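Remarks on the structure that follows.
The values are calculated or read from the model by the stated rules, or taken from the named source; none is laboratory data. None of the values given here were measured: they were computed from a predicted structure. Just the protein is used for accessible areas: all its heavy atoms, side chains included, with ligands, DNA and RNA removed. Shrake-Rupley method; radii C 1.70, N 1.55, O 1.52, S 1.80 Å.
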Amino acid sequence: MGFLESFNRGLSGNDGYEFAGRQVACAHCGGTAFDERSAQLNTMGLTFLDLDWANRSATVLVCQNCGHLEWFM
(Lines give C-alpha, C1' and ligand atoms only; values in the text may rest on other atoms or scores of the structure.)
Protein backbone atom coordinates (compact mmCIF):
# COMPACT_ATOMS: atom_id res chain seq x y z
CA MET A 1 0.00 0.00 0.00
CA GLY A 2 1.46 3.36 -1.07
CA PHE A 3 1.49 6.61 0.81
CA LEU A 4 -1.49 8.11 -0.99
CA GLU A 5 -3.60 5.01 -0.49
CA SER A 6 -2.92 4.97 3.26
CA PHE A 7 -3.60 8.69 3.74
CA ASN A 8 -7.39 8.95 3.81
CA ARG A 9 -9.46 12.06 4.26
CA GLY A 10 -12.92 12.14 5.71
CA LEU A 11 -12.53 10.17 8.95
CA SER A 12 -14.53 12.74 10.92
CA GLY A 13 -16.41 14.91 8.47
CA ASN A 14 -14.37 16.68 5.80
CA ASP A 15 -11.60 17.83 8.13
CA GLY A 16 -10.34 14.58 9.70
CA TYR A 17 -7.52 12.46 8.32
CA GLU A 18 -6.36 8.91 8.79
CA PHE A 19 -2.88 7.53 8.07
CA ALA A 20 -1.87 3.86 8.30
CA GLY A 21 -5.17 3.03 10.00
CA ARG A 22 -4.88 5.66 12.75
CA GLN A 23 -6.64 9.00 13.08
CA VAL A 24 -4.23 11.93 12.74
CA ALA A 25 -4.25 14.16 15.84
CA CYS A 26 -2.38 17.42 16.43
CA ALA A 27 0.77 16.86 18.48
CA HIS A 28 0.22 20.20 20.25
CA CYS A 29 -3.48 20.39 21.15
CA GLY A 30 -4.84 16.96 20.21
CA GLY A 31 -7.26 18.40 17.65
CA THR A 32 -8.40 16.24 14.75
CA ALA A 33 -9.63 18.88 12.25
CA PHE A 34 -7.05 19.93 9.65
CA ASP A 35 -6.64 21.90 6.44
CA GLU A 36 -4.44 20.22 3.81
CA ARG A 37 -1.56 21.96 2.04
CA SER A 38 1.34 20.88 -0.16
CA ALA A 39 4.92 22.08 0.31
CA GLN A 40 7.85 21.74 -2.09
CA LEU A 41 11.06 20.38 -0.56
CA ASN A 42 13.73 22.32 -2.43
CA THR A 43 17.35 21.18 -2.61
CA MET A 44 20.38 23.37 -3.26
CA GLY A 45 21.53 21.34 -6.26
CA LEU A 46 18.28 21.47 -8.20
CA THR A 47 17.70 25.11 -7.25
CA PHE A 48 21.19 25.97 -8.56
CA LEU A 49 20.32 24.27 -11.86
CA ASP A 50 16.92 26.04 -11.94
CA LEU A 51 15.13 22.68 -11.71
CA ASP A 52 13.01 23.35 -8.60
CA TRP A 53 10.02 21.68 -10.29
CA ALA A 54 11.85 18.31 -10.02
CA ASN A 55 12.00 18.38 -6.21
CA ARG A 56 9.71 16.21 -4.11
CA SER A 57 6.66 17.55 -2.27
CA ALA A 58 5.26 16.88 1.19
CA THR A 59 1.70 16.93 2.48
CA VAL A 60 1.23 19.40 5.32
CA LEU A 61 -1.79 19.31 7.63
CA VAL A 62 -2.60 22.57 9.44
CA CYS A 63 -4.53 22.13 12.69
CA GLN A 64 -7.72 24.19 12.53
CA ASN A 65 -7.63 24.66 16.32
CA CYS A 66 -4.09 25.92 17.00
CA GLY A 67 -2.34 26.20 13.61
CA HIS A 68 0.32 23.56 14.35
CA LEU A 69 1.77 21.95 11.20
CA GLU A 70 1.99 18.17 10.79
CA TRP A 71 4.30 17.14 7.89
CA PHE A 72 4.01 13.88 5.90
CA MET A 73 6.28 12.55 3.15
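You can think of it this way: the chain between CYS66 and GLN23 has 13.7 nm of extra reach, that is 0.36 nm per residue less the Cα-Cα gap. With θ taken as phi - 60° and the Karplus curve 6.51 cos²θ - 1.76 cosθ + 1.60 applied, the whole-hertz 3J(HN,Hα) list for region 16-22 is x, 10, 10, 9, 6, x, 10 Hz, x standing for glycine and proline. In this structure the amide hydrogen of HIS68, modeled in the peptide plane, comes within under 5 Å of the amide hydrogens of CYS63, none closer than 5 places in sequence on its chain. Heavy-atom accessible surface of THR32, to the nearest 10 Å², is about 50 Å², with a 1.4 Å probe and all protein chains retained.
Database remark: amide H of VAL24 closer than 5 angstrom to the amide H of TYR17, GLU18, PHE19 (H placed geometrically; neighbours at sequence offset of 5 or more, or on other chains; Pro and chain starts carry no H).
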